[in-house]
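S.K.: There's a structure below that I have some questions on.
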Amino acid sequence: MKDLIELSKLVRYYILLSTTRAGSGHPTSCLSAVELMVSLVVGGFFRFDPDNIDNPNNDRLIFLKGHAAPLLYSLWTVAGKLSEEELLTLRKFGSPLEGHPVRTFPFSEAATGSLGQGLAIGVGMAMNGKYIEKLPYRVFVLLGDSEMAEGSVWEAIQLAAYYNLNNLIGIIDVNKLGQRGPTMYGHDLEAYSKRISAFGWKTIPIDGHDFNQNFKAYEEALKSNTPTMIIAKTVKGKGVSFLEDAKGRHGVALTEEEFKEAMKEVGPVNKPVHFSIKKPELLGPSEQTFKISNFSREYKKGEMVATRRAYGEAIVKIFSQFPKLVVLDAEVSNSTFSEIFKKHYPERFFECFVAEQNMVGMAVGLALRGKIPFVSSFAAFLTRAFDFIRMAQYCEANIKFVGSHAGVSIGQDGPSQMGLEDIAMMRSILHSVVLYPSDAVSTESVVREAAKHKGIVYIRTTRSATPVIYSYEEEFPIGGSKTVRASSDDIFTIVGAGITLHEALKAHDELKKQGINTRIIDLYSVKPLDTETLKKALLETKAIITVEDHFPAGGIGEAVKSEVGSDRVYSLACRKIPKSGTPEELLDYEEISAKAIIKKILDLL
């Protein structure tokens, strides 16, 4: 116990030193969890080989309360994996020790700091260990009490219980104070315990500063046959009297004078006091071996097939090439058609129910354990998970998102179901890829391209069946486009994607009867764009008219105009609040139908 006290003093010293030198940070939020983390890491409950961080048997430790990053860095300093000199680069430009953990720090499991996300990531990692790799590693997640107000935490709690993830252990640092004052339940551990246990978790209320209670709690948690939440009463700023339970100190570093005063209370520290972390057993993943499905379907030109169905069939077809593939859906698999994959490979399909935030967090956890998640829902509903998608880019997560039922062309269901903002949302993600196929053949191809690509990819699919226009000889590389109609006499270029490509083709045929030739480009790769083809079209025709089943802001029209930089680019997009109606009525109403395209070209003439 004496060694633990000495280690805790040293960790406190490093927390205070690093944040004081940085001039910013959250020292009080770190101090409250020191005994909890020292007990976990030093007490032998956390098994990790620091010399082999890629060991698949390593336990995972996620700091959901990412603002406690200095505690994470201080632990690894005491463990001998960071020097004091390196620790003092905290929050400096170019340092891997950022204000909240990111993946550039090798011992950080995920980019955290946007509160309420880490438990969902932990669910994904625990699912991977229990159901896919079948390894006995455990996932520990440190939560703050403020973020227990986040609905996404409760989404994760529900799903962890549903899948009985007894390899998942949460630790709530109940230090009572949030950023501006008391949290919702303060130090009422019973309030947390009642709510969490009601979802089917084992709950263990303790004094988080008592090593004996901490040890007993971890021992209990590791024996549990359900997910466990350790609910630890702590004091914010513990160990320094003028910081303890003090309001107005959240996110405030000490001055040099305050640091000196604080160290008088912390006491003299012994350096170095390195400790050894218990290493895991050397076990290899025992992933399922699958009987590869003999599912086969070839689409014929002119056949009517919805691209959403083609997506469901495509992931079955490519699984043998991408055995790391997993599929997640938010209780709409019979609409996104991911249920086709579930039928053939049920062990690699995970139902996430109507909890899109948790679904994306799970996908991040699975991706960080080397899987290739395909995540599907209605395009409209993925927007509520945008913060999780935003943070996924900082985790460098390899995830494929598929949004079905996009645009007003879904028809009678009305605006709540119409994804009209999704292209803008997904284009805004740095280095993302946005693909929008128009028929079954191109869908199958872009699904394969997405699986091959490392990074975030978004595939937009259509509710209505559309005719197959491509043969299997065609290729659809990321960053490409297809010129599906062209002549040397083209006056205008019409650019469409998905449903609007077929409207453009109808307009082309009607205009041709009037002696007006148009070039038709299928912009199936919305990001990155085929800039060369677009610039050539602008050079050879009078103007480009883009047509999209999406709002103007952030959509295809803006994307094209930003690339070719011309006032000869005209955008037809959804500019009215949509309503229920037939797809045909709505395409006309929003002026993105063949009729509207023809009118625009005649107006320009």
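The values are calculated or read from the model by the stated rules, or taken from the named source; none is laboratory data. The structure displayed is predicted, hence computed values, not measured ones. With ideal geometry, Cβ positions are generated from the backbone for all residues, glycine too; neighbour counts draw on all protein chains shown.
S.K.: If you scan the stretch 568-593, which residues turn out to be among the hydrophobic types (A, V, I, L, M, F, W, C), in a loop (DSSP other than H, G, I, E, B) and surrounded by 17 or more Cβ atoms within 10 Å (Cβ to Cβ)? Break it down into steps so the answer makes sense when it comes.
M.R.: Within the stretch 568-593, the subset among the hydrophobic types (A, V, I, L, M, F, W, C) is 569, 572-574, 577, 586-587, 592.
Next, only the ones that are in a loop (DSSP other than H, G, I, E, B) stay: 573-574, 577, 592.
Of everything in the stretch 568-593, those that are among the hydrophobic types (A, V, I, L, M, F, W, C), in a loop (DSSP other than H, G, I, E, B) and surrounded by 17 or more Cβ atoms within 10 Å (Cβ to Cβ) turn out to be A573, C574, I592.
S.K.: Considering the stretch 182-221 alone, what residues qualify as being part of a loop (DSSP other than H, G, I, E, B) and of a type in the set (S, T, N, Q)? Full working, then the answer.
M.R.: First, the residues of the stretch 182-221 that are part of a loop (DSSP other than H, G, I, E, B): 183-188, 198-201, 208-210.
Selection gives T183 alone.
S.K.: What are the pairs with Cβ atoms under 6 angstrom where one residue, in the stretch 39-50, is surrounded by fewer than 21 Cβ atoms within 10 Å (Cβ to Cβ) and the other, located anywhere, is modelled with pLDDT under 95 and not β-branched (V, I, T)? Sequence gap at least six, or different chains.
M.R.: Matching pairs, first to second residue: G44/K278; R47/K278; R47/P280; D49/N55; D49/K279; P50/K81.
S.K.: Would you mind finding the one in M148, M125 that is closer than 16 Å to L328 by Cβ and either touching a strand residue (DSSP E or B) at 6+ places or on another chain (Cβ under 6 Å) or without any contact (Cβ under 8 Å) to a residue 60 or more places away in the chain (or both)?
M.R.: Details: M148 fails: closer than 16 Å to L328 by Cβ.
Of M148, M125, the one residue that is closer than 16 Å to L328 by Cβ and either touching a strand residue (DSSP E or B) at 6+ places or on another chain (Cβ under 6 Å) or without any contact (Cβ under 8 Å) to a residue 60 or more places away in the chain (or both) is M125.
S.K.: Further question: Looking at this structure, is S320 part of a loop (DSSP other than H, G, I, E, B), polar (S, T, N, Q), in contact with a helix residue (DSSP H, G or I) (Cβ under 7 Å, 6 or more places away or on another chain) and touching a residue at least 12 places away in the same chain (Cβ under 8 Å)?
M.R.: Numbers: part of a loop (DSSP other than H, G, I, E, B): yes; polar (S, T, N, Q): yes; in contact with a helix residue (DSSP H, G or I) (Cβ under 7 Å, 6 or more places away or on another chain): no; touching a residue at least 12 places away in the same chain (Cβ under 8 Å): yes.
Against the criterion (part of a loop (DSSP other than H, G, I, E, B), polar (S, T, N, Q), in contact with a helix residue (DSSP H, G or I) (Cβ under 7 Å, 6 or more places away or on another chain) and touching a residue at least 12 places away in the same chain (Cβ under 8 Å)), S320 does not qualify.
S.K.: If a residue has to be among the hydrophobic types (A, V, I, L, M, F, W, C) and assigned to a loop (DSSP other than H, G, I, E, B) to count, how many in the stretch 97-146 make the cut? Working first, answer last.
M.R.: Filtering the stretch 97-146 for residues among the hydrophobic types (A, V, I, L, M, F, W, C) gives 97, 102, 105, 107, 110-111, 115, 119-121, 123, 125-127, 132, 135, 139-143.
So of that shortlist, the ones also assigned to a loop (DSSP other than H, G, I, E, B) come out as 97, 102, 105, 107, 110-111, 115, 135.
Number of matching residues: 8.
S.K.: Could you check the stretch 496-547 for strands (runs of 3 or more DSSP E) lying wholly inside it with 1 or more residues that are touching a helix residue (DSSP H, G or I) at 6+ places or on another chain (Cβ under 9 Å), among the hydrophobic types (A, V, I, L, M, F, W, C) and more than 21 Å from M425 (Cβ to Cβ)? Steps first, answer last, please.
M.R.: Numbers: elements: 518-522, 525-527, 543-547.
Hits in the stretch 496-547: 518-522, 543-547.
S.K.: Let me ask another. Given the conditions (1) among the aliphatic types (A, V, I, L, M); (2) surrounded by 24 or more Cβ atoms within 10 Å (Cβ to Cβ); (3) in contact with a Ser or Thr (Cβ under 8 Å, 6 or more places away or on another chain), which single one is not true for L142?
M.R.: (3)
S.K.: Inside the stretch 127-160, can you point out the residues that are of a type in the set (A, V, I, L, M) and under 30 Å from V235 (Cβ atoms)?
M.R.: Filtering the stretch 127-160 for residues of a type in the set (A, V, I, L, M) gives 127, 132, 135, 139, 141-143, 148-149, 153, 156-157, 159-160.
V139, V141, L142, L143, M148, A149, V153, A156, I157, A160, listed by residue number.
S.K.: Only one of L586, L501, L523, L572 is within 29 Å of the chain's Cα centre (by Cα), at pLDDT 95 or above and closer than 26 Å to G411 by Cβ; which?
M.R.: Numbers: L586 fails: within 29 Å of the chain's Cα centre (by Cα); L501 fails: within 29 Å of the chain's Cα centre (by Cα); L572 fails: within 29 Å of the chain's Cα centre (by Cα).
None of the other options fit; the residue is L523.
Quick grid of which residues meet (1) out of contact with any strand residue (DSSP E or B) (no Cβ under 6 Å at 6 or more places or on another chain); (2) at negative phi; (3) not acidic (D, E):
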residue	(1), (2), (3)
T183	yes, yes, yes
G186	yes, no, yes
Y192	no, yes, yes
G200	yes, no, yes
P205	no, yes, yes
G208	no, yes, yes
F211	yes, yes, yes
E219	yes, yes, no
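S.K.: Could you tell me whether K400 is farther than 20 Å from A330 by Cα and among the charged types (D, E, K, R)? Step through it out loud before you land on a result.
M.R.: Values: farther than 20 Å from A330 by Cα: no; among the charged types (D, E, K, R): yes.
Judged against the criteria, K400 is not a match.
S.K.: Select from the stretch 504-519 the residues that are more than 41 Å from the chain's Cα centre (by Cα) and not acidic (D, E) and write down the one among them that is surrounded by the most Cβ atoms within 10 Å (Cβ to Cβ). Outline the logic, then answer.
M.R.: So in the stretch 504-519, the residues more than 41 Å from the chain's Cα centre (by Cα) come out as 509-517.
Add one more test, that the residue is not acidic (D, E), and what stays is 511-517.
On the way: L511: 21, K512: 13, K513: 7, Q514: 11, G515: 8, I516: 18, N517: 17.
This residue is L511.
S.K.: Is it the case that the stretch 469-479 has a residue that's small (G, A, S), farther than 18 Å from T336 by Cβ and assigned to a helix (DSSP H, G or I)?
M.R.: We begin by selecting, within the stretch 469-479, every residue small (G, A, S); these are 471, 479.
Applying the additional criterion that residues be farther than 18 Å from T336 by Cβ yields 471, 479.
Imposing the further condition that a residue be assigned to a helix (DSSP H, G or I) reduces the set to none.
No: the stretch 469-479 contains no residue that is small (G, A, S), farther than 18 Å from T336 by Cβ and assigned to a helix (DSSP H, G or I).
S.K.: G302 versus (1) within 25 Å of I410 (Cβ to Cβ); (2) part of a helix (DSSP H, G or I); (3) of a type outside the set (D, E): which is the lone unmet condition?
M.R.: For G302, the exception is condition (2).
S.K.: Another question, then. Pairs, please: C-beta under 8 Å, at least 6 apart or cross-chain, first residue assigned by TED's automatic domain parsing to the domain that holds H26 and within 29 Å of A120 (Cα to Cα) and in the stretch 64-92, second of a type in the set (D, E, K, R) and part of a helix (DSSP H, G or I)?
M.R.: Pairs that qualify, where the first residue is assigned by TED's automatic domain parsing to the domain that holds H26 and within 29 Å of A120 (Cα to Cα) and the partner is of a type in the set (D, E, K, R) and part of a helix (DSSP H, G or I), are L64/E147; K65/E147; T77/E84; T77/E86; L90/R21.
S.K.: Kindly indicate the residue of the stretch 54-84 that is farther than 27 Å from S152 by Cβ and of a type in the set (A, V, I, L, M) and also surrounded by the fewest Cβ atoms within 10 Å (Cβ to Cβ) among those meeting that condition.
M.R.: A79
S.K.: Here's something else I'd like to know. Could you please give the count of residues in the stretch 174-214 that are among the aliphatic types (A, V, I, L, M) and surrounded by 19 or more Cβ atoms within 10 Å (Cβ to Cβ)? Don't jump to the end; show me each part of the working.
M.R.: Filtering the stretch 174-214 for residues among the aliphatic types (A, V, I, L, M) gives 174, 177, 184, 189, 191, 196, 198, 204, 206.
With surrounded by 19 or more Cβ atoms within 10 Å (Cβ to Cβ) added as a condition, the list becomes 174, 177, 189, 196, 204, 206.
So the answer is 6.
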